[in-house]
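Student: Quick one: this structure, given as structure tokens, is what I'll be asking you about.
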Amino acid sequence: MKRGFSLKLENLKRKPQTFSLRKFMKKVFVVILNYCVAELTIKSALSVKKSTYKNTEIIVVDNNSGDEIGEKLKDFPEVEFIPSKENLGYSGGNNLGIKKALLNGADYIFILNSDATVESGAIASLVEEAEKGAGELIGPKILFTESKTIWYAGGIFDRNNVIGKHRGVDEKDEGQYDKTEETDYITGAALFVKRDVFEKIGLLDEKYFLYYEDSDFCFRAKRAGFKVLFVPKALVYHENAQSTGLGSPLQDYYITRNRMLFASKFLPLRTRFALLREALRNFGNPIRRKALADFLTCKFGKGDI
């Protein structure tokens, strides 16, 4: 069994409690994964600390990045630090934090990118909407940090081409996406999840390592009967692709391989064949050739590139 993908529920029982704020305020754990961006991670954690929603705890997981974030976090004793001895990727690293949050009695877990910051009222808005029962996986509106233009205002998943798209990218935010509504998927940059979801469907699939694990998680949750909701009144700011590099060979490899993995799990045979033909057309590209070979030989997780 892959590490961290399935939950042993008997090991994740809530800790015994006497009197607790749980009766009045749900407990939210914010999981932030660091990889070589210590200053951004601390900035993200500080934004959570300023939240108007006070029943929050912060877990920072370091993916063996070697940027001394553990030392830097000693000035923030309220932040729980989990160092990983190896780079487990986005899915595996976040799973370490998610499991810790579940063990510590989380009602909700908010997966937040290290290069994202939250507005002070964002978590309160997410909890408020979740408590209405409208959805169990909730995504905020996300704006680019510098330009304040839209980065994510709901997810649109093109099943024929196996590509997830953010609605509203680069548009000026003028209220055109201010309706709370169900959406295809929520970006893993800011994914707010009710405890029940993890208990029923498990954690992020570590086969992906990086990219498409958020879409996979949302698809599995929908199959299990949970609703995926976009809540625009919760605002998050995001500096895009700080850890991996936008358009890098690393990104090209994982997106190529993981599109085929995603299709093999969820989509019709004709879509899988279409992806295979596309990969063969790109056979001259060494990165994509490696991605195809690894998919065909079931070499998942961290790619050797």
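The values are calculated or read from the model by the stated rules, or taken from the named source; none is laboratory data. All of these numbers come straight from a predicted model, not from anything done at the bench. Reconstructed Cβ throughout: ideal geometry from the backbone, glycine too, with neighbour counts over all protein chains shown.
Student: Starting from residues that are part of a helix (DSSP H, G or I) and of a type in the set (A, V, I, L, M, F, W, C), keep the ones in the range 85-105 and report whichever is nearest to I186 (Cα to Cα).
Tutor: Among those residues, the one meeting the criterion is I98.
Student: Separate question: If I ask for residues that are surrounded by 14 or more Cβ atoms within 10 Å (Cβ to Cβ) and over 25 Å from the mean Cα position of the chain (by Cα), which ones from the range 288-305 would you list?
Tutor: Scanning the range 288-305 gives R289, K290.
Student: Within the range 26-45, can you find the residues that are surrounded by fewer than 22 Cβ atoms within 10 Å (Cβ to Cβ) and under 13 Å from E80 (Cα atoms)?
Tutor: The answer is I42, and nothing else.
Student: For the range 36-84, how many residues meet the condition of being outside any strand (DSSP E or B), of a type in the set (D, E, K, R) and within 23 Å of L126 (Cα to Cα)?
Tutor: 5
Student: Here's something else I'd like to know. Take the residues in the range 222-232 that are within 19 Å of S91 (Cβ to Cβ) and assigned to a loop (DSSP other than H, G, I, E, B); name whichever of them is nearest to the chain's Cα centre (by Cα).
Tutor: If we take residues in the range 222-232 being within 19 Å of S91 (Cβ to Cβ) and assigned to a loop (DSSP other than H, G, I, E, B), then F226 is nearest to the chain's Cα centre (by Cα).
Student: Moving to a separate point now. Please specify each residue of the range 109-167 satisfying the condition of being hydroxyl-bearing (S, T, Y), more than 26 Å from F262 (Cβ to Cβ) and touching a Ser or Thr at 6+ places or on another chain (Cβ under 8 Å).
Tutor: Residues satisfying the conditions are T117, S120, T145.
Student: For the subset of the range 259-305 comprising residues that are among the polar types (S, T, N, Q) and in a helix (DSSP H, G or I), which member is farthest from F209 (Cα to Cα)?
Tutor: Looking at the filtered set, the residue picked out is T271.
Student: Tell me, which residue of the range 69-92 that is out of contact with any helix residue (DSSP H, G or I) (no Cβ under 7 Å at 6 or more places or on another chain) and surrounded by fewer than 16 Cβ atoms within 10 Å (Cβ to Cβ) is nearest to E206 (Cα to Cα)?
Tutor: Residue satisfying both the conditions and the ranking: E86.
Student: Looking at the range 120-129, is at least one residue among the charged types (D, E, K, R), without any contact (Cβ under 8 Å) to a residue 24 or more places away in the chain and more than 25 Å from G301 (Cβ to Cβ)?
Tutor: yes
Student: Within the range 149-206, track down each residue that is out of contact with any strand residue (DSSP E or B) (no Cβ under 9 Å at 6 or more places or on another chain) and under 17 Å from F219 (Cα atoms).
Tutor: Those that are out of contact with any strand residue (DSSP E or B) (no Cβ under 9 Å at 6 or more places or on another chain) and under 17 Å from F219 (Cα atoms): R159, N160, N161, V162, D196, E199, K200, I201, G202, L203, D205, E206.
Student: Still on this structure, I have one more. Within the range 193-211, does at least one residue satisfy the condition of being closer than 24 Å to A106 by Cα, touching a helix residue (DSSP H, G or I) at 6+ places or on another chain (Cβ under 6 Å) and without any contact (Cβ under 8 Å) to a residue 60 or more places away in the chain?
Tutor: Yes: one or more hits.
Student: Could you identify the single residue in F219, F209 that is farther than 22 Å from K299 by Cα and under 15 Å from the mean Cα position of the chain (by Cα)?
Tutor: Criteria check complete, one pass: F219.
Student: Could we say that I98 is among the β-branched types (V, I, T) and either surrounded by 23 or more Cβ atoms within 10 Å (Cβ to Cβ) or under 21 Å from V60 (Cβ atoms) (or both) here?
Tutor: Answer is yes for this residue.
Student: Being part of a loop (DSSP other than H, G, I, E, B) and of a type outside the set (F, W, Y) is the filter here; which residues of the range 210-221 pass it?
Tutor: Correct list: L210 only.
Student: Return a yes/no flag: does the range 232-241 have any residue that is surrounded by 15 or more Cβ atoms within 10 Å (Cβ to Cβ) and farther than 26 Å from Y35 by Cα.
Tutor: Checked against the condition, which is being surrounded by 15 or more Cβ atoms within 10 Å (Cβ to Cβ) and farther than 26 Å from Y35 by Cα, the range 232-241 yields at least one hit.
Student: Of K290, K227, K299, which residue is charged (D, E, K, R), at pLDDT 95 or above and under 30 Å from I138 (Cβ atoms)?
Tutor: Step by step, each of K290, K227, K299 is checked, and only K227 is charged (D, E, K, R), at pLDDT 95 or above and under 30 Å from I138 (Cβ atoms).
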